[in-house]
Amino acid sequence: MDRATRMSEAVRIDPKTGRKLFATRAAKATDKIAGKGYSIVEDEALKTLPPPPRGAVFNAEEQAKYRKFKEARAGAAHYIRLEGEFATYLEDVYSGTPVPRDALDDDCEVLVIGAGFGALLLWYRLMKAGFTDVRFCEKGGDVGGTWYWNRYPGIACDVESYSYLPLLEEMGHVPSMKFASGFEILEYCQSMAERFGFYDHCLFHTTVEATVWDDAAKRWTVKTDRGDAMRARFVVLANGILTTPRLAKIDGMETFRGKAFHTSRWNYNVDLEGKRVGIIGTGATAVQVVPEIAKVVKALYVFQRTPSSIDVRDQRATTEEEYATWPHERDWAVKRRERLALISAGRTALQGNDDFLSGKVEAYKQQKVYERELTPKEMIDAQLNSNFRVMEQIRARVDSVVTSPKTAAALKPYYPYGCKRPTFHDEFLPTFNLPHVHLVDTAPTGVKLINERGIVHDGVEYPLDVLIYATGFEWMGTGSFNMIQGRGGRTLREKWETEGTKTFLGMHSAGFPNLFIMNGPQGGGGQFNFTRVAEMHAHYIVWALQTVRARGATTIDVTGEAEDEYAQHCAEMDVLSAPLRDCLSYYNGDGTAKPGSLAYYGGGQRWHDRREAAQKSMSPYRIE
Ligand SMILES: Cc1cc2nc3c(=O)[nH]c(=O)nc-3n(C[C@H](O)[C@H](O)[C@H](O)COP(=O)(O)OP(=O)(O)OC[C@H]3O[C@@H](n4cnc5c(N)ncnc54)[C@H](O)[C@@H]3O)c2cc1C
C-alpha cells in the first residue's frame, strides 16, 4: 500500500456527523512481549506475616532508629531527566512504526491528553452525556497509559483488580485473578477502547508539546510533535501521575557497553536467559521484576539503597463460583469498589478483605473503641504505634524467610508503613536464598559508579551483560505542565513555581480556563484506588461541561480566593498526617516537596464534601 493511501486511511470523515475519525493505533512491535504477574503461592508460611509483637510501641529508641535511617539517606536521591543521550531510554519499544497521517489544523470541542484509564473513563462518561466531539492525543502507540508503558516481567496491580478495573459490569468482564497482571489489564483497556469506540477518536504516537490559551477565541491551541495545531474549547490533562520515567544520576552510566533499559521500556529483544543481570532499585517495580527474572538469568545483582516493605500478597484465582454469580449480581463491582473506598487504612485497603468487599460481613475489621475521644496528637500516636507493630511484622518476615543474616538485615525497612510505596510479594524474599541472586547493599548513597563493564561499588566491580534501571517515575510529575500557557501568557509551571501548587479540587487552576486536570496534584476522591479517582474526576468534568453548556456560556474558571483556600486546606491535611509519612520517598519529592503540593491527604470523603459544597454554592466558579 502506498504512503498516500495509508495517510488517507488514518483519517476519515464520519458520514453521519461530518467529523474526523481516526485509525492510528499502531501494531504490536513483537510477540515476544508477553508475561504474567503474581503467581499463586501455596506455602502458607510465605503468605502469612509473623504475629504482631503485642504491646510494642514506637518508643524513643525506635524513633531514633527511624530517624537515623532517614538522615543517612538525606540528599542521596539525584535523578536526571531522560534527555539528550538518555532520550533513547524513552523510545516506544512496544509498537511498530507510527501510522502516517497529515498534520491536523482544525477544531474540536474537547481535547484530552493521554489514553490511559483516566482518558478511557472520561470518554465513556462524555459519550454517555452526549459529548462526542472529543479527541485524544497519546504519546504511545495504543491505549493503556501506565499499562501500555509498563510491561516488565511480573507486572500486576496492587489494588485488587475487581475494584481497580473500571466498568466491569458494562464490559461484562470478571478479571481472572484477584491481582490481575499488567498484561491482562492492558488487554482490558484495549477491549474498553474497542467496545466504546475510543480508537476512532484517538491520535496515537502524538505527543502534545504546547497548549496555549487564546483569550480572544476562547479556545486552546494544541500543538504536537506531528505538526498538528488543533483548536479545542476544553482541554483535559489525563497524562498520568507516574508517567515520566526517571534515571538515577550515576557517574559513567553512558559508558556501559552492555544492554541497558528502564523498566518502563522493557526490551524484550534482549534475551536474559543465561545472562549476568544487574537491577538498580528495589521499589515497587523491582519487587515484582526480581522474582520473575531470577527464574531465567545466570546471575542477578540487585542494587539496593533503601529496602521496601514487603507485605503478603496472597494471590488467588477467581473462583468458578465468582465467575458464575458475580455477573448476575446488579452493580457487583460498583458496590465492591465503594466498599473498598470505605477503608481508610491503606494497608487494609490494599490487602482487600474478601468477605467485607463482597458484602458478606458488615465491617472490614473490629473498630477499636476508646474510652474518650482522642486528641489529634493522641490519634496520630495511636496510629504510629499500630503502624510500628505492622512494620515489626514486616521485618520479622524478612528474618523468617531470608537465610543469610547479612542480607536479611539489609532488607529490613525502618520507616512508617505506607511512607514509601508499600509492596506485596510472596516470592521476592525467598529469591535472595537462591545461590545466583545477590543483594548488593549500597545504602545510604546508592550506586555511584558505572563503567563499560558494569557497576562498581565499594571497590568491587560487578561485570554485567544487562543493566536494568528500576528507578521509578516522577510522582505527579509536572513535566507536561511546563507547556501549558494560560491567560496573559503565563505557564502553569511558572505559576506553581512562584506561588506554590495551586488548584481548586486538583481539577482547575485559576487563569487556565476550560482546563481540567485528572489524577493530578491535590486531586482527591478515591484514596488508594486511582481508577476510582479518575472516575470521580470524569463525572466532575462532565458536570462542568454540562453546566457551561446549560448556561449558554463559553468558559469556566475558578476564583483566586477559592484556590488559595483549597491550597491552604491541602497543606493543612498534609501537615496533620506528616508524622505517618516521615521518610524519604517519591511521595514527598524525596523530602523536598512543600506541604500540600503533591497528593491530597484529606481523604476521599472530605474531597467529595468540598466538591459538593462548591457545586451547590457555585461561588468558586467564574462561568462566562
Ligand atoms: C507500575 C505501576 C503500577 C501501578 N499500580 C497501581 C495499582 O495497583 N493501583 C492503582 O490505583 N494505581 C496504580 N498505579 C498508578 C496508575 O498510574 C493509575 O492507576 C492509572 O493507571 C493512571 O491512569 P491515567 O490515565 O491517569 O494515567 P496514565 O495511565 O499514566 O496515562 C497517561 C498517558 O498520558 C500520556 N501522555 C503523557 N504526556 C503526554 C503528552 N504530552 N502528549 C501525549 N500523551 C501524553 C502517556 O503516554 C500515558 O499513556 C500504578 C502505576 C505504575 C507505574
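Values in this text are rule-based calculations from the coordinates and carry no lab data. Here the structure is a predicted model, which is why all the values come from computation and not from measurement. Counting neighbours? That spans all protein chains shown, and the Cβs are built from the backbone with ideal geometry, glycine included.
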Tell me, what is the Rg over Rh of the chain, with Rh the Kirkwood radius over Cα pairs?
0.95
Between His608 and Val575, what length comes free when the chain is fully extended (0.36 nm per residue of separation minus the Cα-Cα distance, one decimal in nm)?
9.9 nm
Positive end of the charge dipole of the stretch 494-572 (Lys, Arg +1 and Asp, Glu -1 on Cβ, about the Cα centre): tell me which of Gly560, Gln546, Gln527 has its Cα farthest that way.
Gln546
What is the magnitude of the charge dipole of the chain about its Cα centre, with +1 placed on the Cβ of each Lys and Arg, -1 on the Cβ of each Asp and Glu, and no other charges, expressed in debye to the nearest 20?
360
Charge dipole (debye, nearest 20) of the stretch 97-183; +1 at Cβ of Lys and Arg, -1 at Cβ of Asp and Glu:
360
Considering the Cα positions of the stretch 282-333, please state its Rg to one decimal place and its Dmax as a whole number of Å.
18.0, 51
Please work out the ratio of the alpha-carbon Rg of the stretch 341-446 to 2.2 N^0.38 Å and round it to two decimals.
1.36
Principal axis lengths of the stretch 55-117 from Cα atoms, whole Å, largest first?
66, 35, 21
Spelling out what I want: for every residue of the stretch 124-134, take phi, set θ = phi - 60°, compute 6.51 cos²θ - 1.76 cosθ + 1.60 (Karplus), and round to whole Hz; glycine and proline get x.
4, 6, 5, 4, 4, 8, x, 9, 10, 7, 10
Whole-angstrom Cα spans of the stretch 1-106 along principal axes, big to small
72, 41, 33
Trypsin sites (Lys or Arg not before Pro) restricted to DSSP loop in the stretch 469-551 with at most 15 other C-beta within 10 Å
Arg490, Arg551
Work out how much length Lys65 to Met618 would gain on full extension: take 0.36 nm times their residue separation and subtract the Cα-Cα distance, in nm to one decimal.
194.1 nm
Rg over Rh, two decimals, the stretch 64-198 (C-alpha only, Kirkwood Rh):
1.08
Quotient of Cα radius of gyration and Kirkwood radius for the stretch 486-571, i.e. Rg/Rh, equals 0.97
Given Lys377/Lys412; Lys16/Lys218; Lys139/Lys223, which pairs have Cα atoms separated by over 18 Å?
Lys377/Lys412; Lys16/Lys218
Which of Ile279, Ile33, Ile394 comes first, and how do the rest follow, when ranked by fewest Cβ neighbours within 10 Å?
Ile33, Ile394, Ile279
Unit-weight point scatterers at every alpha-carbon of the stretch 312-396, Debye formula, q = 0.13, 0.19, 0.27 1/Å: log10 I(q)/I(0) is -0.59, -1.01, -1.43
Per residue, what volume in Å³ does the convex hull of the Cα atoms of the stretch 541-597 enclose?
116
I need the trypsin sites (Lys or Arg not before Pro) found in the stretch 224-273, filtered to DSSP loop residues with at most 15 other beta carbons within 10 Å of theirs.
Lys249, Arg257
Could you give each residue of the stretch 511-523 its phi-based ³J(HN,Hα) in whole Hz, using Karplus coefficients 6.51, -1.76, 1.60 with θ = phi - 60°, and x for Gly or Pro?
x, 10, x, 6, 10, 10, 10, 9, 6, x, x, 6, x
Cut-off 17 Å (backbone N to label point 7 Å along Cα→Cβ of Lys128), residues of the stretch 320-353
330-339
Just going by the charge dipole of the chain, with Lys and Arg at +1 and Asp and Glu at -1 on Cβ, which of Ala76, Ala103, Thr30 is farthest out on the positive end?
Ala76
Potential extension, Ala45-Ala229 segment - 0.36 nm per residue separation minus Cα distance
60.4 nm
Note: the stretch 387-482 at 10 °C, 1.306 mPa s; Kirkwood Rh on alpha carbon pairs; Stokes-Einstein D in µm²/s works out to 99
Ranking of Thr407, Thr555, Thr285, Thr319 by count of other Cβ atoms within 10 Å, fewest first:
Thr319, Thr555, Thr407, Thr285
Report, as a whole number in µm² per second, the diffusion coefficient that Stokes-Einstein gives for the stretch 119-254 at 4 °C and 1.567 mPa s using the Kirkwood radius over alpha carbon pairs.
76
Considering the zone a paramagnetic label at Asp14 would reach in this model (a point 7 Å from Cα along the Cα-to-Cβ line), which residues of the stretch 184-204 have amide N under 14 Å from it?
196-203
Only counting other Cβ atoms within 10 Å, I'd like Phe432, Phe261 sorted with the fewest neighbours first.
Phe261, Phe432
D_trans [Stokes-Einstein, Kirkwood Rh over alpha-carbon pairs] for the stretch 193-346, 20 °C, 1.002 mPa s, µm² s⁻¹:
100
Members of Lys28/Lys275; Lys65/Lys178; Lys68/Lys502; Lys335/Lys365 lying beyond 29 Å, as alpha-carbon distances in this model show
Lys65/Lys178; Lys68/Lys502
